[in-house]
Structures are given as structure tokens and as C-alpha cells.
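Structure record follows, encoded as C-alpha cells.
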Amino acid sequence: MTGTATVMSVWVLLSVGCDALTCYVDDLSPRAVGDSLWFCVFLSTRPARKMVFQIKVEEAAELDLQGSRDFALENLSQPLYTWVATSHTGSSEALDCRNATDMELRGHDVSCPQIYAHATAVTQLSNLVVNLREGRVSSFAWDNSCSGCSPSKCLKSSQSLSEENFTEGSQFFSKGTCGESADFCIGTPAACNLKVFVTWAGTDKHGRNLVSAGSRLSKLAGPTLSSFYNTLKDGYSQASKALGQ
């Protein structure tokens, strides 16, 4: 595994309408270890916002969504979600993960929705595993756990979002992710910007195995994960080192 990189970008405010949710930012050729891939990270504000990131294959990367905390606190009347897309020519609406057909057709382009904030809690970090098959993205997996926090701080994600206004569906994933109270985030702005820790699994275009997903969040035991989330309150640079080992 290569070293951990922190990647930052700027928000793009998208116009209203499904046509705005696209992510065609790079060619679609297969990649080898060390090659760059482009990703779009969406936030379900109304209208939606998008950040574009460039990440090297097999490099554990921290996507720092600066300013997202402000959007979260401004939109607490409705849960706020994120999702990720790789460069492709189709729709980048969040994947409907209740629907086997949508997952088959678009699961290699777009991720399931992932909760970021609701009325009482805000997520500080989510772990995304990018699965490659022969150098092309084959799927995304949000690899989170609530074993490091109390049930009151466990946020669970809807399996789908409405295309019209990003409201949650009725079916939720069984695993959640840990959040901090909205009050805590008001007092410590930088700590509650959403950060997405990206790791890799599968094979590159030469058939080389990708192993950085061995550092994913779910590999941490409950007490270790709890300590990790506590570290996030004090300094994200320390926490990223804990994951990047």
C-alpha cells in the first residue's frame, strides 16, 4: 500500500434537475496501480453540490469535503446524504440499492447513498472501498461500523433517495456509521466537515491485487474504533495515521 494522501477540492453548485447530476470528467480506460482516477462526490443539498477529486489507484486517500459542515447545519430539517461516482457518461443519481436492476446497470458507476447528517448528529468520517476488476471500477462499498459509538450516535443510511428532492426511502441498511452531536459541530467547525477515507480492492489492469482495503474501518475492533473516533475530535491528522497504518 502506498502512503496516505489528503485530497481537497471545491464545491460546484448544480442546477436543479436530473441532467445536472453527471460525472464525465475523464477517459474510461482501465487503470494500473499508481494511475489516477477521477471521482465526483455529491451532497444532497437542494440543489445538489458536487466536488471532483483525482486519486491514485491503491493509494489510501482522505477526501476532505471542506465547507460540508456548514451545509449540514443549514439543512437539518432533512437528512443530508453523500454518494460517489466515477467518471462515466450516464446519470450520477445515487444508486437505488433496493433495486437489483439499477445495481446491475449502474453499480459500477455510482455508489449507494451514505448518510452524512440528520437533525441531531453529523458524521465525521466515512470509509469507501473502491472495487476494481482488471483496472475498471466494478462497484463501491461503504465500509462503516457503529461498534465504536453509542446507539444514539449511530446513523443508518437509507438504501435509496428520491430523485426529486433527495428524501429517504423506507428501507435502511443494517450497519450504520458513527456521528457527533450537532451541538458539538457548531462549536468545532473543522472537525465536522465530512471526510471520506478511500481504500481499494480487486485487481488493476495488469491483474495485480489491490490490498489497501485492509486498512478499512471495519477492520478495527470496537474499543479501537471508539478511540479512533475520539481522536477525530482532537485532530484529524492523527486519526488518518491510525487508519493508514
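Label-to-label distance, residue 46 versus residue 102, with points set 7 angstrom from Cα along the beta-carbon direction: 1.8 nm. Each eigenvalue of the Cα gyration tensor of region 42-140, multiplied by 5 and square-rooted, gives one semi-axis; in descending order these are 24, 17, 12 Å. Only Cα sites of region 138-189 enter the Debye sum here, all with the same form factor; the resulting log10 I(q)/I(0) across q = 0.18, 0.27 1/Å is -0.77, -1.03, listed in q order. Among residues other than residue 110 whose Cβ falls under 12 Å from its Cβ, what is the net charge (Lys/Arg +1, Asp/Glu -1)? Summing Lys/Arg as +1 and Asp/Glu as -1 gives -3.
Using only Cα coordinates, the Kirkwood hydrodynamic radius of region 67-198 works out to 15.2 Å.
Can you check what the net charge comes to around residue 74, using other residues whose Cβ is under 14 Å from the Cβ of residue 74 (Lys, Arg +1; Asp, Glu -1)? Summing Lys and Arg as +1 and Asp and Glu as -1 gives +2. Counting Lys +1, Arg +1, Asp -1, Glu -1, what net charge surrounds residue 193 among other residues with beta carbon under 12 Å of its beta carbon? Charge balance near residue 193 sits at -2.
Here the simple spin-label model places points 7 Å from the Cα toward Cβ, and for residue 186 and residue 120 these points are separated by 1.6 nm.
Distances between placed amide hydrogens fall under 5 Å for residue 145 paired with 178, all partners being 5 or more residues away or on another chain.
Coordinate-derived values only; no laboratory data. Owing to the predicted nature of the structure, the values given are computational and were not obtained by experimental measurement. When we count neighbours, we look across all protein chains shown, and the Cβ atoms used for this are built from the backbone with ideal geometry, even at glycine.
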